[in-house]
Amino acid sequence: MTPKTAQLSYTRAYTRTRFFIVLFINILSLCCLTPALADKELQSHDSIRTAAIEYVRAQIPKDIKIEEIKAGKLDSRIHFRECAEPLEARATMSRHISSHWTINIRCSTPVAWNIYIPVKTRLIQKILVSQTTITRGEIISSDKVKLVEREISNQNQKHFSNLKDIIGRQARRTIRPDRVINSSMLQQAYLVHKKEPVLIFAQNRRISISMKGTALKNGRYNDIIRVRNNSSKKIIDAVVIKRGVVAINF
């Protein structure tokens with residue numbers, strides 16, 4: 001072996017040795033530092049899940065009871081640097097009633113990171129259901145519906161919990177008993193039609209009288225329309241209260 005060859009062999013051996021020494025030191029450093037980071041500088045998975053749950057809880061309207069709410073578990077191999085500020089949360093959808101949510105949890109400092117957490121809920125609300133069969137074209141009245149507690153999953157079709165929201169509306173189709181009333185089943189209906197006869201109720205604290213009149217405008221429930229008193233020919237404003245009937249105060 002020539003001196004030049006011996007020198008080259010020595011250099012290669014030295015380089016390999018130095019590489020493995022540096023690699024060993026790095027591995028040793030990681031082994032020593034990881035426990036310290038896990039204890040003091042990592043964001044706990046529970047805190048991330050809690051942030052997602054509390055965000056969803058805050059979005060649900062007060063008249064809806066939360067029967068159950070839980071967030072999905074995070075992969076134990078995933079770790080995040082502890083956030084220096086409160087975690088940011090936002091939903092990937094705009095509606096406030098749903099059984100399945102996806103919540104984006106974000107941190108911006110000292111290290112930016114984000115993760116998507118699934119959250120499931122079971123929601124209970126008092127909603128209006130049909131008490132009897134409601135035929136197509138029938139006007140909804142209070143004796144046709146009732147309030148019951150039901151589990152709801154979304155708000156794609158509007159459910160009703162206030163009687164005032166559906167009284168006077170018209171059924172688009174026949175509704176069988178014990179069916180949840182939603183917006184697709186109903187339409188606004190005219191209870192009074194222009195040029196047709198109406199019964200005018202006039203009342204105050206002492207007396208109540210009725211008289212015949214003629215509607216001068218179409219009217220839905222609770223609309224204020226112009227009507228003519230057939231006896232006096234006087235034109236007055238009246239409130240539509242039911243089919244063919246209006247009311248005034250005097």
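Readers should treat all values here as calculations from the given coordinates under stated rules, not as data from a laboratory. Keep in mind that what you see is a predicted model, and the values were worked out from it rather than measured. All Cβ positions, glycine included, derive from the backbone under ideal geometry; neighbour counts span all protein chains shown.
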* Multiply the residue separation of LYS233 and GLU41 by 0.36 nm, subtract the distance between their alpha-carbon atoms, and state the gained length in nm to one decimal. => 60.7 nm
* Send over the semi-axes of the range 45-123's equivalent ellipsoid, whole angstrom and largest first, taken as the square roots of 5 times the C-alpha gyration tensor eigenvalues. => 24, 13, 10
* Asked: Once both labels are modelled 7 Å past Cα along the beta-carbon direction, what's the LEU199-THR135 spacing in nm?
  -> 2.0 nm
* **Cα convex hull of the range 130-171, projected area averaged across orientations, nm²** => 3.3 nm²
* Asked: Which whole number in µm²/s is D for the range 190-249 by Stokes-Einstein, with the Kirkwood Rh taken over Cα pairs at 4 °C and 1.567 mPa s?
  -> 118 µm²/s
* To the nearest Å, what is the center-to-center distance of the range 210-250 and the range 44-91, using C-alpha atoms only? -> 55 Å
* **Label point 7 Å beyond Cα of ARG95 along Cβ direction - residues of the range 104-119 with amide nitrogen under 17 Å** => 119
* Value of relative contact order over the range 124-187, rounded to a whole percent, pairs C-alpha under 8 Å and six or more apart -> 45 percent
* Applying 1/(1 + (r/R0)^6) with R0 = 45 Å to the Cβ-Cβ distance of LYS73 and VAL148, what FRET efficiency is obtained, to the nearest 0.05? -> 0.80
